[in-house]
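The values are calculated or read from the model by the stated rules, or taken from the named source; none is laboratory data. This structure is a prediction, so every number in the text was calculated from the model and none was measured. Positions of Cβ are generated from backbone atoms using ideal geometry, with glycine treated the same way; all protein chains shown enter the neighbour counts.
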Amino acid sequence: MTSDHDDRHGVSRRKILECMTWAGTGVLWTIAGGTPRSLGIVGETVAAEASGLTFLQISDSHVGFDKPANPNALGTLEEAVNKIKTLAVKPSFMIHTGDITHLSKPSEFDDADRIISQARLDVHYVPGEHDVLDENVKLYRDRYGRGTKGAGWYSFDANGVHFVGLVNVVDLKAGGLGNLGNDQLEWLEDDLRDRSASTPIVVFAHIPLWTVYPQWGWGTDDSARALDYLKRFGSVTVLNGHIHQIMQKVEGNVTFHTAMSTAFPQPAPGAAPSPGPMKVADDKLRSVLGVTDVTFERGHQRLAIVDKPLQG
Amino acid sequence: MGHRFANRVWVTTALAVATLAVVGSFPTASIQAAGTEVQIDQFTFAPQQITVKAGTTVTWINDDDAPHIVASTIKLFKSKPLDTKDKFSFTFTTPGTYEYFCSLHPHMTGAVVVEATTGSSATP
């Protein structure tokens, strides 16, 4: 799933494979003159070297999950937030790429808000399929839907970077994968139309927008149309969650990256009979949970993307 | 040992005949037998296709550590989110083939084939 094209961008394949073994806290992203690149795990000294825009990605907190793979998902979310609070460079904001809750219960949303707000950062959310279990997606939209379209898609600008949050977890079709739908795709085309090709673009959504493993539903049926609208831009970064592990792929000007969960790991594609929660030894759990730091630096060609496990 | 095993087989067969006789005398009763359950396990419906008589209540049981939703493709039925060990039942009254999927994990699909209780299709 990793690309062999990364050496020319200064991130070796070995480095990416190392990232893949990191699992868990969050990814720190740096946007440097166009393309994102991984800085490393949250808390590493490299994060402190970042200048320009830095933001944090957190994903798949599954508040309410209490099965053997992690009996205390709220606790590990709190550990991730505590880790974020210790970052040498305070991120400008945070994005959450969905599955905030496990079962869309009001109490789960309340608990998630109570912990995530302790990071004292603006948070831009997109929903995961676990956040839209109620009819009409009312619970998610009442909390996070202000100023968004449809089931919760929107865009915003920060430091010259255009951010687009997409929803690919509603109105799913039997036998299919993630779904953006015609309304959202038309909105996306319109949203991007007047932007200069030199504008760095960051797209974030829950389910991967590239086909990771369709046998487990890890892809989005109509993502090709979205990527078609994005292909004229010189720097596109696509950030996803859903698969609870780090994967990265570079295709032309587009860098795809998935983040770790803060709740529980899932198996590598095809490595288990199903993508269900993966039980690891208790002392290994925090090495496969984490967050992601992203930094944008003017004059450089890549965003710096740093995956940071809770431990290890 | 051989004798005891043979005896057990005979007893089991006799019980099966008795069960069939009871079912035969109450053809409209709702039957809750092993053949009307669908296990949700490892992100699959098992069996993926189940055949029942009209009037049968089919029950889905989630054995996964992940939640699933059983949803008819023609919106005939839709379960609440089923957490681990939660069940969902639906009674099929009209013959036909009813396809369904998990609306959370749509690559998971299954079908219920409902046969008429009278007429030639009712006799195996």
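Per-structure values
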| read-out | value |
| --- | --- |
| Leading residue by the ranking (farthest from A:Val164 (Cα to Cα)) among those in segment A:80-112 that are in a helix (DSSP H, G or I) and within 18 Å of the chain's Cα centre (by Cα) | A:Lys83 |
| Exclusive hit being under 19 Å from A:Leu139 (Cα atoms), modelled with pLDDT of 95 or more, crowded, with 18+ Cβ neighbours inside 10 Å and away from chain B (no Cβ under 14 Å), set A:Ser61, A:Ser104 | A:Ser61 |
| Filter result for A:Leu166 (of a type outside the set (Gly, Ala, Ser) and more than 16 Å from the chain's Cα centre (by Cα)) | no |
| Qualifying positions in segment A:224-260 - under 19 Å from A:Arg193 (Cβ atoms) and small (Gly, Ala, Ser) | A:Ala224, A:Ala226, A:Gly234, A:Ser235 |
| Enumeration of residues in segment A:165-176 that are surrounded by fewer than 23 Cβ atoms within 10 Å (Cβ to Cβ) and among the hydrophobic types (A, V, I, L, M, F, W, C) | A:Val170, A:Ala174 |
| All positions within segment A:157-180 that are among the β-branched types (Val, Ile, Thr) and modelled with pLDDT of 95 or more | A:Val164, A:Val167, A:Val169, A:Val170 |
| Residues satisfying the stated conditions in segment A:168-190, i.e. more than 17 Å from B:Thr73 (Cβ to Cβ) and within 12 Å of chain B (Cβ to nearest Cβ) | A:Asn168, A:Val169, A:Gly178 |
| Test: residue in segment B:108-122 that is of a type in the set (Asp, Glu), away from chain A (no Cβ under 14 Å) and touching a residue at least 24 places away in the same chain (Cβ under 8 Å) | yes |
| Candidates A:Ser92, A:Ser104, A:Ser117 - the one that is hydroxyl-bearing (Ser, Thr, Tyr) and free of Cβ contacts under 8 Å to residues at least 12 places away in the same chain | A:Ser117 |
| Residue in segment A:281-293 that is within 14 Å of chain B (Cβ to nearest Cβ), out of contact with any Asp or Glu (no Cβ under 7 Å at 6 or more places or on another chain) and basic (Lys, Arg) present | no |
| Residues that are among the hydrophobic types (A, V, I, L, M, F, W, C), in a strand (DSSP E or B) and within 11 Å of another protein chain (Cβ to nearest Cβ), drawn from segment B:75-106 | B:Leu82, B:Phe101, B:Cys102 |
| Every residue from segment A:183-203 that is surrounded by fewer than 17 Cβ atoms within 10 Å (Cβ to Cβ) and touching a residue at least 40 places away in the same chain (Cβ under 8 Å) | A:Glu189, A:Ser198 |
| Test: residue in segment A:238-250 that is surrounded by 17 or more Cβ atoms within 10 Å (Cβ to Cβ), without any contact (Cβ under 8 Å) to a residue 40 or more places away in the chain, in contact with a strand residue (DSSP E or B) (Cβ under 9 Å, 6 or more places away or on another chain) and within 21 Å of B:Thr44 (Cβ to Cβ) | yes |
| Residue match in segment A:248-271 (condition: within 14 Å of another protein chain (Cβ to nearest Cβ) and of a type in the set (Val, Ile, Thr)) | no |
| Checklist (1) in a loop (DSSP other than H, G, I, E, B); (2) among the polar types (S, T, N, Q); (3) within 14 Å of another protein chain (Cβ to nearest Cβ) applied to A:Ser198, failing item | (3) |
